[in-house]
Each structure stands twice: as structure tokens, then as C-alpha cells.
Amino acid sequence: MSEVKCRILCVDDHEDTPEMLKLLLSQSDYEVHPAHSVEEALELAQKYEFDLYVLDKHLPDGTGMELCMKLNALTPGVPCIFYSGDAYEIHRLEPIAAGAHAYVPKPEVDVLIETVHKMLSERECAEAN
């Protein structure tokens with residue numbers, strides 16, 4: 001029987017965030033797939049099934065909010081978490097208005113990991129492990 005893992009798509013224009021997530025979450029049996037643009041993220045979301053999206057607000061070919069809305073339309077029910085550096089409350093509310101389930105400010109890595117665990121604990125992939 002093959003092992004079912006929770007699959008996360010991490011979209012950030014910086015390579016360090018997906019790599020960090022991959023290292024920290026591999027111990028929890030999560031697969032983290034990186035994407036660095038809206039276009040790349042949409043291609044991957046159409047090709048593979050993901051259980052969670054972790055998005056940055058600022059991407060080279062669009063915004064995380066636009067991507068979140070497109071992902072929600074493409075894969076309804078898959079939660080989005082924003083992990084971004086915007087400091088003001090108004091900037092943190094924008095992703096929630098775009099359909100995100102949570103906003104974690106950078107560099108709160110522990111909060112991000114905790115939020116990922118919480119979101120994925122409610123998903124079918126977590127029940128299979």
C-alpha cells in the first residue's frame with residue numbers, strides 16, 4: 001500500500017521559503033512543492049492535487065491575492081495560507097478578503113508551521129497517515 005502524504009504548494013518568489021518549508025515539514029511526512037510565479041503555481045495546481053497552498057503576496061507576475069482567487073476557483077476547498085512580510089493590519093486583511101484561510105507574517109516560522117499542521121489536520125491526507 002502506498003503511503004499518502006499531504007501535498008503543499010509553496011508559492012514565493014524567493015527560493016528560501018519553499019526550501020525552508022520542505023526541510024521543516026518533511027519530518028511530518030508532508031511533501032512541499034515549490035513554485036515561484038503565478039503562472040508556475042497554476043500549472044502545478046492543474047497537474048497535481050494539493051492539500052494546502054502557502055502563498056506570498058508579492059509575486060513577479062501578479063499578486064498572491066489574484067492567485068488565491070484563481071486557486072479557489074480551480075480547486076475549491078483547498079485552503080490557502082499567506083506567508084508574507086506586510087506589517088500593517090490592512091495589508092493582512094486583503095488576503096483574507098481574497099479567500100485565504102490564514103495570514104502569517106514573515107518571519108514567524110513557528111506560527112507558519114503550527115498553522116500548516118492545523119490546516120492539514122482537518123484534511124483527508126492527514127487521516128490516511
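Answer yes if at least one residue in the range 53-60 is open to solvent by less than 70 Å² (accessible area, probe 1.4 Å) and among the basic types (K, R), and no otherwise. Yes, the conditions are met somewhere in the range 53-60.
Only residues that are in a loop (DSSP other than H, G, I, E, B) and open to solvent by 70 Å² or more (accessible area, probe 1.4 Å) were counted in the range 61-88, giving 4.
Let's see how each residue does on (1) out of contact with any Leu (no Cβ under 7 Å at 6 or more places or on another chain); (2) of a type in the set (S, T, Y); (3) within 15 Å of C10 (Cβ to Cβ):
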{"site": "V38", "(1), (2), (3)": "no, no, yes"}
{"site": "L55", "(1), (2), (3)": "no, no, yes"}
{"site": "H58", "(1), (2), (3)": "yes, no, yes"}
{"site": "L67", "(1), (2), (3)": "no, no, yes"}
{"site": "P79", "(1), (2), (3)": "no, no, yes"}
{"site": "Y88", "(1), (2), (3)": "yes, yes, no"}
{"site": "V111", "(1), (2), (3)": "yes, no, no"}
{"site": "E114", "(1), (2), (3)": "yes, no, no"}
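Report yes if F50 is in a strand (DSSP E or B), closer than 24 Å to C125 by Cβ and in contact (Cβ under 8 Å) with a residue 24 or more places away in the chain, otherwise no. Here the answer is no, as F50 does not meet what is asked. Go through (1) open to solvent by 60 Å² or more (accessible area, probe 1.4 Å); (2) among the hydrophobic types (A, V, I, L, M, F, W, C); (3) in contact (Cβ under 8 Å) with a residue 60 or more places away in the chain for L25 and report which single condition fails. (1) is the only condition that L25 fails. Being in contact with a Gly (Cβ under 6 Å, 6 or more places away or on another chain) and aliphatic (A, V, I, L, M) is a description that does not apply to V11.
The values are calculated or read from the model by the stated rules, or taken from the named source; none is laboratory data. Note that the structure is predicted; figures quoted are calculated from it, not measured. Note that we place each Cβ from the backbone using ideal geometry, even for glycine, and neighbour counts take in every protein chain shown. Please note that ligands, DNA and RNA were not included when accessible areas were found on the heavy atoms of the full protein model with its side chains. Shrake-Rupley method; radii C 1.70, N 1.55, O 1.52, S 1.80 Å.
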